[in-house]
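All remarks here apply to the structure that follows.
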Amino acid sequence: MAEVILMPKLSDTMTEGVVAEWHKKVGDDVESGELLAEIETDKATMEFESFYDGKLLYIGIEQGQAAPVNNILAIIGEEGEDIDKILADSKKGEEKEDSSESKEEAPEPKPEEEEEEKPAADSNAQETTSAPTAESNGDGERIFASPLAKKLAKDKNIDLSNVNGSGENGRIVKRDIENYKPSDKLQNSAKNTVATGATLTESYTDTNISQMRKTIAKRLAESKFTAPHFYLTLDIDMDNAMTQRSAVNANEGMRVSFNDMVIKACAIALRKHPAVNSAWLGDKIRKYDHINIGVAVAVEDGLLVPVVRFADTKGLMTIGAEVREFAQKAKEKKLQPQDWEGNTFTISNLGMYNIEEFTAIINPPDSCILAIGAIKQVPVVKDGQVVPGNVMRVTLSCDHRVVDGVTGSEFLNTFKSYMENPMMMLV
């Protein structure tokens, strides 16, 4: 009996997937547990194994194509098995769903639109009354427009050669005339001749949105416009941190970054301020007993947030090794769901890009995110004297539904005390 394999939901936020690569082709033998395809989700490209033995009878989503979760990905069965009924039933289900949606959402067509778009019952009449007619512009290029569009253009004194057609094969239809602006043609294909006689052409490139970018847009837009953000900023004296880090890294085989110190200091401060280590769940606030720090990592398509679990229990060297491993796996799209799920607090560090200060959007379901800026050498006052100092500016974004100003400020000052006295993190 043929077995239907559906597009799997490989992450909690995945709504559709892209088949990055097929490792089998139609007619190949497939064994349970054997690699079938690689699927690009919103966060990573993951290997997908077959659950069944048999022959690959059908591929429903070609390599490079996207499809919603639960669409038919493939069918596996015995050689010669009839799969037409399976595909027909699937198509009927989709048509039924589309039909119900169109009844709810499709507006009634206007009489003019019906005149333009509906084919005539008589084929001869169709040729004479509704077939697009062709004209020529000054360059001899043929222009296709519906009769209604031509009539409207004539009434409005619009030159059809200046109109971009949105119908099939570039045909100009009624809506193109109604929405026409004199600048439309120039915006898309202007050729301006300058005094020197040179011709300049405006151009652009459209790039399809990746699954990752779609999810980033959806989740962060929901966070920004749902959670009432407020921001707390302070400066941290990094002189002691720089001295201590240099002393540690002077030892062979030891390597600690400022980011490792930030993660550790955040984890200890969260232990003292559990209200910041919380989440808004609509009808309740959840305070986590464990501390899992999400660390934003930039990748080609956007941003991933792998999680350092139980960060308050780990040393600087362990934290550093984990973050470096996560960063490498993220760039290679090899992170697994367990690597990015379960954060209770997030850190976003742009200091390495020489950014002095920024505000970050809260990463749901966290109630706070800490934005880390670059360490800058600036004049500071110490013991009544103006001396050179190294300062790092940080900004805490808070969800006001969970964290109030005083709570966020107390956490931030505790974090500051650990960063300015790194030895305290080791006690």
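The values are calculated or read from the model by the stated rules, or taken from the named source; none is laboratory data. If you're wondering where the values come from, they're calculated on a predicted model, not measured in any experiment. Because the Cβ atoms are built from the backbone with ideal geometry, glycine has one as well, and the counts that use them run over all protein chains shown.
Points to keep in mind about this one:
- Among the residues listed as VAL402, VAL378, the single one being β-branched (Val, Ile, Thr) and over 27 Å from LYS287 (Cβ atoms): VAL378
- Top-ranked residue in segment 48-82 [being among the small types (Gly, Ala, Ser) and not in a strand (DSSP E or B); ranked as surrounded by the fewest Cβ atoms within 10 Å (Cβ to Cβ)]: GLY80
To keep it simple, each residue is scored yes or no on (1) farther than 17 Å from ILE75 by Cα; (2) among the charged types (D, E, K, R); (3) not in a strand (DSSP E or B).
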| residue | (1), (2), (3) |
| --- | --- |
| MET1 | no, no, yes |
| VAL4 | no, no, no |
| THR13 | yes, no, yes |
| VAL19 | no, no, no |
| LYS25 | no, yes, yes |
| SER32 | no, no, yes |
| ALA37 | no, no, no |
| ASP42 | yes, yes, yes |
| MET46 | yes, no, no |
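- Matching residues, segment 200-237, being among the aliphatic types (A, V, I, L, M), more than 19 Å from THR45 (Cα to Cα), surrounded by 15 or more Cβ atoms within 10 Å (Cβ to Cβ) and out of contact with any helix residue (DSSP H, G or I) (no Cβ under 8 Å at 6 or more places or on another chain): LEU220, ALA227
- Subset of segment 1-15 (residues that are modelled with pLDDT of 85 or more and crowded, with 18+ Cβ neighbours inside 10 Å): VAL4, ILE5, MET7
- Residue within segment 275-285 that is of a type outside the set (Lys, Arg) and without any contact (Cβ under 8 Å) to a residue 24 or more places away in the chain present: yes
- Residue, farthest from LYS333 (Cα to Cα), within segment 32-64, restricted to residues that are of a type outside the set (Ser, Thr, Tyr), in contact with a Ser or Thr (Cβ under 6 Å, 6 or more places away or on another chain) and at pLDDT below 85: ASP42
- Top-ranked residue of segment 228-270 - restricted to ones that are part of a loop (DSSP other than H, G, I, E, B) and in contact (Cβ under 8 Å) with a residue 40 or more places away in the chain, ranked as nearest to the chain's Cα centre (by Cα): PRO228
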